[in-house]
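First the structure, in the form of structure tokens, and then the observations on it.
The values are calculated or read from the model by the stated rules, or taken from the named source; none is laboratory data. This is a predicted model, so every value here is computed, not measured. For neighbour counting, all protein chains shown are included, and Cβ atoms are generated from backbone atoms with ideal geometry for every residue, glycine included. Each accessible area value is taken on the protein alone, full model and side chains, heavy atoms only, with ligands, DNA and RNA left out. Shrake-Rupley method; radii C 1.70, N 1.55, O 1.52, S 1.80 Å.
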Amino acid sequence: MLALKNVSRSFGPIEVLHGVDIALRPGRVHALIGENGAGKSTTMKIMAGYQPPSSGQVALDGRPVAFADMGQAEAQGISMIHQEFNLAEQLTVEQNIFLGRELKRGPLLDKPAMRARTRELLDRLECRVAPDRVVSTLSNSDKQMVEIAKALLRDTRVLVMDEPTAVLTRAETAILLRQVRALRDAGTAVLFTSHKLDEVEDIADDLTIMRDGRVVWTGEASRMDQHAMANAMVGREKSDLFPAKVSTPGEVALEVRDLTVPGFSHDVGFTLRRGEILGVAGLIGSGRTETFEGLCGLRPATGDVRIFGESVRIDHPWQAQALGLCYLTEDRKTRGLLLSKGLRENLTLQALAKFDRGLIDTGAEERALDQAIADFDIRGDRAALVGNLSGGNQQKLLFAKTLLADPRIIVIDEPTRGIDIGTKQQMYALIRKLASEGRAIVVISSEMQEVIGLADRILVMRHGRVTGELGANATEDAIVKLAMGVATEREPA
Amino acid sequence: MTDAAAPAPRRIRMTVIGPILALVLLVVAGALMNPNFLGWDNVTNVLARSAFIGIIAVGMTFVITAGGLDLSVGSMAAFIAGLMILVMNSLVPTMGVGIPVILVGMAVALLAGLAAGLLNGILITRLGIEAFIVTLGSMGIYRSLVTWLADGGTLSLDFNLRSLYQPVYYGGIAGITWPIIVFAVVVVLGEIVMRSTAFGRHCAAIGSNEQVAKYSSVRVDRVRLTTYAALGLLVGIATIMYVPRLGSASSATGMLWELEAIAAVIIGGTVLKGGFGRVWGTVIGVLILTLIGNLLNLTDFVSPYLNGAIQGAIIVLAVVLQRDGKARA
Amino acid sequence: MTDAAAPAPRRIRMTVIGPILALVLLVVAGALMNPNFLGWDNVTNVLARSAFIGIIAVGMTFVITAGGLDLSVGSMAAFIAGLMILVMNSLVPTMGVGIPVILVGMAVALLAGLAAGLLNGILITRLGIEAFIVTLGSMGIYRSLVTWLADGGTLSLDFNLRSLYQPVYYGGIAGITWPIIVFAVVVVLGEIVMRSTAFGRHCAAIGSNEQVAKYSSVRVDRVRLTTYAALGLLVGIATIMYVPRLGSASSATGMLWELEAIAAVIIGGTVLKGGFGRVWGTVIGVLILTLIGNLLNLTDFVSPYLNGAIQGAIIVLAVVLQRDGKARA
Amino acid sequence: QDGETKVIGVSIPAATHGWAGGMNYFAQAAVDRLEETYPQLDFVLATASDPAKQVNDIEDMVATRNIDALVVLPFESEPLTGPVQNVKASGAWITVVDRGLSQDGIEDLYVAGDNPGFGRVAGEYMAQAMPDGGKIVVLRGIPTTIDNERVEGFQAAIEGKNIEVLGMEHGDWNRDKAFTVMQDFLSKYPQIDAVWASDDDMAVGVLGAIEAAGRDDIKFVLGGAGMKEMVKRTMDGDAMIPANVTYPPAMIATAIELTAVGMVSPAPVSGDFIIGSVLVTPDNAETYYYPDSPF
Ligand SMILES: Nc1ncnc2c1ncn2[C@@H]1O[C@H](COP(=O)(O)OP(=O)(O)OP(=O)(O)O)[C@@H](O)[C@H]1O
Ligand SMILES: Nc1ncnc2c1ncn2[C@@H]1O[C@H](COP(=O)(O)OP(=O)(O)OP(=O)(O)O)[C@@H](O)[C@H]1O
Ligand SMILES: [Mg+2]
Ligand SMILES: [Mg+2]
């Protein structure tokens, strides 16, 4: 139905796609997987008309087409959900969903109809945000749901989804996949990427695997299992995902009592030792992010915090950093990285003092960048703007940036969002290594497996309160019970 | 979950009440200082003179909401006024003094405003030059052109024509003068367009995130261009009201209107970097600015040299009222 | 891999060459039109008179890069000049005419500039009010204050003191006058700070995305505050150079300097919404602006009424040169 | 307010250049003095930065202060004519200062300077000071009718006197602008015999530029309006400032005084008072030297 034929794409002299062939068929879900920077997003953008191919052909229903802009592609029934949020932050949910295709009654907007339709779409996605909420106040997962609703609104023949589940929890993912199946059954062709291979296995009918801008495998999805996919992506045999838990907890690094972030969390308390990884689990909206932002001086908070036994007061993030406490944000695009700056400036922003010898030592910065590129396997043009890096590589850079400040205590919020399975393994190993160096680490994650596989202890939060603490060998079931409140299932707010 | 969003509404409420509160305080202060302040004459005077900046500021609200800026409106008004007067005067010998001449003059004002706005808009959207630079340039150009048209002096409307035209400023319906009526109409239309049309939403979307708007098939350049064109047209309308008031144009006409209009927009709560705008807020902003001038004339307990200082202080205070004590995050 | 970013460099190259090219074109035009244009006298005149706006514009580059704006610099300069003259005159009876009085005057200028800048900065960062509004307010306040200090007229420096002080504007080393030297020093320091210090990086980071800067432990408010304070200090330095020139200050002093300074910054390629700034570009911008005026005075083939129009057109053209034909994405 | 109190409104342009500053000073001083002398008089003083603001001020005086008399120095003639006529219609006494309205018969009292005369006196002086002719440059004020009238008067007076005007630029009655323009004139013209700066503020800037350039071809600079420092230099026999032409900013005080006296006395003074521009020379300079004025 929609196909790329021998498509290449260059940015300047660099070719990032080399002769890609891919064909979508109606009523089928086609999954596209590959490492970070393999060219998945670029492929998808070309299919949806956001970028033209440098050479080769885009064919719709067998006929070659050249979309002058996405408007034309959209008119042909092709729509795309971007990897990075594509919402106007100051507008409301409803305004975003209908942006560019507002319903009108005469010259005026038909607000009731749009609101009703928005409600209906969000209900389909079991998302409970109000249509008139301003998008900037939504959590990441709610934003993603809005993004999906926006795509669903457009009656599509071809739906292109670039890592739609990266910020979703398992429950939300299930809802989304249900919608995808419904669309497929209605005859829509779906192109889907994810770094969560279980989802791919679950939903895909067809599968294409890319590596370094080339298609390395394509065929029926049923012919591959997760393990085979991972191997084909990375191009080598993959060992165990999680490193062994060899923690030797040392002295108490962080002690928190009665931490309250007004409006988000109440009386949170825990202790963390050197060499330990503390996992924080909970449903989306359970206030984990806000709690730890409060701890690190990013939001107004009250409570009793001791770092290495010393009672401290943290009102600003730089105070936290001075105490050796750093927070790695879950939101790399709006809080983590300067998209319009280069890699070097981003890498050293947080630890600039290290390079400050009166003047900034650019040579040392370059060396640090070399080191980071090597350590974190950051792929992409070194001279590019960070906004042009692939999503996963941005995440790696964010990691490198925070670690450059050499914190003693690190709070990592959603560490592997959008990272390919090969790199994930490296990240986990790295986190474990950081712990074994004697740092204290908090990992907030919505991926249950990640928390279980990585953490020495697990804190579970619900409605802004800690509902329990579990040991290293907690089961998913135990976490879910605590996260949802043992007795009730998803009580109304 | 319900109490999670509590801080947001509270903040919004203050930004809504803030400007109104500032306005109310000014009105109360005025009423206390002088019993005539709330008299019919003074109220209509203040409203009528707000109309020029007000009409322009409504247009400016759209431009700023869409992430733009226009510094040229004041000199554009002067230029249009000059052009209008020249055209009307030159028609008197052939067409005589009569309504048709005035209608032609009005048409000239509207067309010239639209053309000037389009020109700004085209340079900004097609050549992709910063709005600040384009409109700074056209500000100089129009100001110069009016000085040149007037030969350094003042262009005056033919005396008889002026008497005929004057009711457009001084006359009205049921004691409400035309400028007030036109201002009210522009505000109501502006508010509707901003809140209830696709155009208003697109302006906010572009100002909020141009890329997103583009990806959502919003015709970014066209919407932008339209904001400048509409502002030009509104400058034309304001000039139509202005010319009968003073009957002349010179290089001093419309001086610093751009600054006043932008200040009114921002006092009203529109965000200077774009993405959020409200027309009613702009109206409050304009009224606050006009009232400050009016209040300073009501009493004379300060040296007139210090008027500017008081004006400045009140502007800052009016905006402080919109904050809920807390600096923004 | 190395030449990967080719499209970026090409564009950057044009934005780099653009302003320089515009400057070169102006110089060539000037040299063709008038043989005295490249004479030593004219060149030093132009450089010296660029110094005031130039020194201020360097500070403005930091403010704008960090996402701010300052409309008050012109009236701040007038106020500081007035204050400085008053203080120096009042010291003459006790301290006599001598270098110490002048040094006190300079100290007053620096302190007043710093204080004024800090005040702007504190209102903006602590109260979280839009910089546009705060500095619009302080612009009115300072302008008023100087009018009031001068009783509506002109404050003149004691005649003997002026003779003593004059070499600060007219004197110099090896034929290069002090304003040029100070300007050059400020520019070089500014360029180094912007490019090679943590402060410069932090300004760009804040202007680019304040949230990211905050999450990266940048002391956002302090950096911001520092940009305004530094600008205030630079206004003080500019005033120290300005006062000896004519030895007076009035409400007309420093009129529209803010607009000129901002225009220079933007012509130089700094982005008005913040995130990217370059000091050398600002210098080119200042020179372009001063040269336009100089050229118009040296030639007389247009009506002087149209000077403003030509000025406006050249400003726009100078910026057009920076684009590579293509509107920004 | 008791019925006896009379309110006098005074509306003048703001102090945006030296002469206007002097005029502001004299207005303020007159108001202070008269309020002291006549307790039954109340004054409202408003300064405007553009014609529209001045119209606002006058409207406010009528609507909220019930003025019995208005002393107005119009920013520009045409735009103020209608509004002042409205004040007249409300029964108030009208005193117009300096710039006449564009329609006769509105004002009860007219106190004015003489702009064409100002230019003429200056031109005549130029012609007389350079009997063999010479090359001059001219600095003009802010582009306004006043400036046009002055320059026309000047040009008419030097007509046929072999005086060549090399160049004319606007210095906007501003010292800094005049300094810059003069610097450029000096670069452009190797030989200049004299400068008509047409205003003493501009003369200050012109002198600064000449001094800095170290040029000695310029024999004198003729300013205008009688700023005290300049009159002093003429009085002291400074060869660069051999003369001045008056255009006294104090005329506003005269007007306010006459109006105030008219309000408290049964027989108000009306009519036209034209204060002609006089040539100030070292001989008569003492008469025109007001050391206390800020201008
Ligand atoms: N606009 C651009 N300019 C320059 N290089 C770009 C641009 N867009 C993408 N690239 C480069 O193209 C390559 C492929 O990127 P793409 O985003 O398609 O990867 P991806 O497979 O989606 O990776 P991820 O899993 O991390 O999202 C990367 O090396 C990236 O740096
Ligand atoms: N800036 C904000 N203003 C108001 N409400 C917000 C804001 N950010 C988030 N919220 C709301 O606060 C609640 C908790 O946020 P969030 O979902 O980030 O928590 P979380 O436990 O960290 O979840 P996750 O990290 O998995 O997204 C949600 O209901 C969200 O909608
Ligand atoms: Mg991608
Ligand atoms: Mg979170």
> Any residue in segment A:372-391 that is closer than 22 Å to C:GLU210 by Cβ, within 16 Å of ligand 2 (Cβ to nearest atom), β-branched (Val, Ile, Thr) and open to solvent by less than 10 Å² (accessible area, probe 1.4 Å)?
Replying inline: no
> Restricting attention to segment A:28-44, which residues are modelled with pLDDT of 90 or more and open to solvent by 30 Å² or more (accessible area, probe 1.4 Å)?
Replying inline: A:ARG28
> Among C:ALA213, C:ALA249, C:ALA261, which is the only one that is buried (at least 24 other Cβ atoms within 10 Å of the Cβ) and within 14 Å of chain D (Cβ to nearest Cβ)?
Replying inline: C:ALA249
> A:VAL20 passes all but one of (1) over 23 Å from the mean Cα position of the chain (by Cα); (2) more than 16 Å from ligand 3 (Cβ to nearest atom); (3) of a type in the set (A, V, I, L, M); which number fails?
Replying inline: (2)
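Condition check ((1) within 16 Å of ligand 4 (Cβ to nearest atom); (2) within 12 Å of another protein chain (Cβ to nearest Cβ); (3) within 30 Å of A:LEU197 (Cβ to Cβ); (4) assigned to a helix (DSSP H, G or I)) across all residues:
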{"residue": "A:ALA364", "(1), (2), (3), (4)": "no, no, no, yes"}
{"residue": "A:ARG367", "(1), (2), (3), (4)": "no, no, no, yes"}
{"residue": "A:ASP381", "(1), (2), (3), (4)": "no, yes, yes, no"}
{"residue": "A:GLY387", "(1), (2), (3), (4)": "no, yes, yes, yes"}
{"residue": "A:THR416", "(1), (2), (3), (4)": "yes, no, yes, no"}
{"residue": "A:ILE419", "(1), (2), (3), (4)": "no, no, yes, no"}
{"residue": "A:GLY422", "(1), (2), (3), (4)": "no, no, yes, yes"}
> In this structure, does B:VAL320 turn out to be within 30 Å of B:SER196 (Cα to Cα), open to solvent by 20 Å² or more (accessible area, probe 1.4 Å) and not small (Gly, Ala, Ser)?
Replying inline: yes
> What is the one condition in (1) open to solvent by 10 Å² or more (accessible area, probe 1.4 Å); (2) over 18 Å from B:VAL187 (Cα atoms); (3) assigned to a helix (DSSP H, G or I) that B:MET84 does not satisfy?
Replying inline: (1)
>> Among the numbered criteria (1) assigned to a helix (DSSP H, G or I); (2) modelled with pLDDT under 90; (3) within 20 Å of B:VAL182 (Cα to Cα), which one does B:GLY254 miss?
In response: (1)
>> Looking only at segment C:109-155, how many residues end up being more than 7 Å from every other protein chain (Cβ to nearest Cβ), open to solvent by 40 Å² or more (accessible area, probe 1.4 Å) and over 24 Å from C:LYS273 (Cβ atoms)?
In response: 7
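Each row is one residue, and each column tells you yes or no for (1) surrounded by fewer than 15 Cβ atoms within 10 Å (Cβ to Cβ); (2) of a type in the set (Val, Ile, Thr).
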| residue | (1), (2) |
| --- | --- |
| A:ASP212 | no, no |
| A:GLY219 | yes, no |
| A:THR260 | no, yes |
| A:PHE264 | no, no |
| A:ARG313 | yes, no |
>> Kindly evaluate A:SER247 against the criterion of being more than 16 Å from ligand 1 (Cβ to nearest atom), in a loop (DSSP other than H, G, I, E, B) and buried (at least 21 other Cβ atoms within 10 Å of the Cβ).
In response: no
> How about segment A:146-164: which of its residues are more than 14 Å from every other protein chain (Cβ to nearest Cβ) and within 16 Å of ligand 2 (Cβ to nearest atom)?
Replying inline: A:ILE148, A:GLU163, A:PRO164
> Is there any pair with a first residue in segment A:276-294 that is on the phi > 0 side of the Ramachandran plot and a second that is near ligand 2 (Cβ under 8 Å from one of its atoms) and among the hydrophobic types (A, V, I, L, M, F, W, C) whose Cβ atoms are under 9 Å apart and which are 6 or more apart or on different chains, and what are they?
Replying inline: A:GLY282/A:ILE444; A:GLY282/A:MET461; A:GLY285/B:MET1; A:GLY285/B:ALA4; A:GLY287/A:PHE264; A:GLY287/A:MET461; A:GLY287/B:ALA4
> Out of A:LYS401, A:LYS396, which single residue is part of a helix (DSSP H, G or I) and within 10 Å of ligand 1 (Cβ to nearest atom)?
Replying inline: A:LYS396
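Listed here are the residues, each with its yes/no results for (1) open to solvent by less than 20 Å² (accessible area, probe 1.4 Å); (2) more than 13 Å from every other protein chain (Cβ to nearest Cβ).
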residue: D:ASP184; (1), (2): yes, no
residue: D:SER198; (1), (2): yes, yes
residue: D:GLY208; (1), (2): yes, no
residue: D:ARG215; (1), (2): no, no
residue: D:LYS228; (1), (2): no, no
> Can you list the strands (runs of 3 or more DSSP E) found entirely within segment A:270-357 that contain at least 2 residues being within 16 Å of ligand 1 (Cβ to nearest atom), under 26 Å from the mean Cα position of the chain (by Cα) and modelled with pLDDT of 90 or more?
Replying inline: none
> Looking at this structure, is C:LEU231 over 20 Å from C:TRP280 (Cα atoms) and assigned to a helix (DSSP H, G or I)?
Replying inline: no
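Residue by residue, here is whether (1) open to solvent by 30 Å² or more (accessible area, probe 1.4 Å); (2) within 12 Å of chain C (Cβ to nearest Cβ); (3) assigned to a helix (DSSP H, G or I) holds:
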{"residue": "B:GLY277", "(1), (2), (3)": "no, no, no"}
{"residue": "B:LEU287", "(1), (2), (3)": "yes, no, yes"}
{"residue": "B:ASN297", "(1), (2), (3)": "no, no, yes"}
{"residue": "B:ILE310", "(1), (2), (3)": "yes, yes, yes"}
>> For a quick check of your reading: which helices (runs of 4 or more DSSP H) sit entirely within segment A:1-112 and have at least 3 residues that are more than 16 Å from ligand 2 (Cβ to nearest atom), out of contact with any Lys or Arg (no Cβ under 8 Å at 6 or more places or on another chain) and within 14 Å of chain B (Cβ to nearest Cβ)?
In response: A:40-47, A:70-75
>> Which of the helices (runs of 4 or more DSSP H) found entirely inside segment B:120-184 contain at least 1 residues meeting this: free of Cβ contacts under 8 Å to residues at least 12 places away in the same chain?
In response: B:131-149, B:159-165
> In this structure, is A:VAL65 open to solvent by less than 10 Å² (accessible area, probe 1.4 Å) and more than 13 Å from ligand 3 (Cβ to nearest atom)?
Replying inline: no
>> When you check D:LYS161 against the structure, is it touching a helix residue (DSSP H, G or I) at 6+ places or on another chain (Cβ under 9 Å), assigned to a loop (DSSP other than H, G, I, E, B) and open to solvent by 10 Å² or more (accessible area, probe 1.4 Å), yes or no?
In response: yes
> Among helices (runs of 4 or more DSSP H) lying entirely in segment D:51-136, which contain 2 or more residues that are open to solvent by 10 Å² or more (accessible area, probe 1.4 Å) and within 25 Å of D:GLU152 (Cβ to Cβ)?
Replying inline: D:77-89, D:115-129
>> I'm trying to understand the selection: among the residues of segment A:283-298, which are open to solvent by 10 Å² or more (accessible area, probe 1.4 Å) and either in contact with a Cys (Cβ under 7 Å, 6 or more places away or on another chain) or within 9 Å of ligand 2 (Cβ to nearest atom) (or both)?
In response: A:LEU283, A:ILE284, A:GLY285, A:ARG288, A:THR289, A:GLU290
> What are the residues in segment A:250-262 that are in a loop (DSSP other than H, G, I, E, B) and within 15 Å of A:LEU295 (Cβ to Cβ), if any?
Replying inline: A:PRO262
> Of the residues that make up segment A:27-45, is at least one closer than 17 Å to B:ALA213 by Cβ, in contact (Cβ under 8 Å) with a residue 60 or more places away in the chain, among the hydrophobic types (A, V, I, L, M, F, W, C) and within 13 Å of ligand 3 (Cβ to nearest atom)?
Replying inline: no
